[in-house]
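The values are calculated or read from the model by the stated rules, or taken from the named source; none is laboratory data. The structure displayed is predicted, hence computed values, not measured ones. When we count neighbours, we look across all protein chains shown, and the Cβ atoms used for this are built from the backbone with ideal geometry, even at glycine. In case anyone asks, the SASA skips ligands and DNA or RNA and just uses the protein heavy atoms, side chains included. Shrake-Rupley method; radii C 1.70, N 1.55, O 1.52, S 1.80 Å.
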Amino acid sequence: MEIIEKGFEREILVSNTLVDTYGKCGSIKEAQNIFNALSARDIASWNAMIKGFGINHDGYMAVQCFKCMLKSGLKPDATTFTCLLTACSRASLLFEGQDLFQMMSKDFDVVSTIDHFVCMVDLLARSGCLYEAEKLIETLPYCPSNNSWITLLSASKTYDEPELGSRCFLQLVNVQ
């Protein structure tokens with residue numbers, strides 16, 4: 001690759017982009033190699049690595065990466081938690097995701113955004129906690145997005161909950 005041949009991978013912005021790109025392409029080992037070779041890591045470096053693990057359905061490694069980031073002294077941001085919650089959702093790490101969601105505001109003063117709530121709805125729904133997901137949608141401090149209702153609708157089919165599916169469908173029709 002020309003970037004590496006010319007030594008540009010030593011630039012943190014370029015390296016972060018490579019980590020992100022390799023992670024998105026499923027080449028998590030390549031992403032890790034570049035990440036591990038960084039002489040200094042910023043929050044974007046860690047977020048890219050956490051996101052890469054999440055995209056590749058390795059929520060456990062995403063959480064481990066987060067713990068290493070904390071040990072390095074960096075404070076997580078809103079993007080960090082979006083990446084973590086997504087990783088937990090894809091790996092059905094319900095308790096870890098719930099703990100991280102609580103930790104986000106309590107320990108790090110990160111304000112929950114609609115993206116964080118959508119991740120939590122997805123996590124609950126994928127974990128089979130459909131009614132908890134519905135309750136969360138109904139109590140959101142934001143106007144629920146279509147994605148929340150679509151996620152729950154899909155899970156209601158997976159978990160054979162036609163009444164819940166009907167309610168989700170009606171919510172989607174009413175939003176239009």
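Structure data summary
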read-out	value
Karplus 3J(HN,Hα) series, Hz, for the range 125-134 with 6.51 cos²θ - 1.76 cosθ + 1.60 (x for Gly, Pro)	5, 5, 8, x, 8, 5, 6, 5, 5, 4
Inter-label distance, nm, simple model (7 Å from Cα along the C-beta direction), N146/T17	3.2 nm
Projected label distance in nm at T113 and K75, using a 7 Å step from Cα toward the beta-carbon	1.7 nm
Gaussian network model of the chain, Cα within-10 Å springs - most flexible of R126, R41, R90	R41
Unsatisfied cross-links (Cα-Cα over 26 Å) in the set K67/K157; K106/K135; K29/K157	K67/K157; K29/K157
Per-residue ³J(HN,Hα) for the range 103-108, Karplus 6.51 cos²θ - 1.76 cosθ + 1.60, θ = phi - 60°, Hz, x for Gly and Pro	4, 3, 8, 5, 9, 10
Residue-by-residue Karplus 3J(HN,Hα) for the range 69-83, coefficients 6.51, -1.76, 1.60, Hz, glycine and proline x	4, 4, 5, 6, x, 7, 9, x, 10, 4, 5, 4, 6, 5, 4
In Å², nearest 10: area of C119 left accessible to a 1.4 Å probe	20 Å²
For the range 60-176: rounded, prolate or oblate by the Cα gyration tensor [a/c cutoff 1.5]	prolate
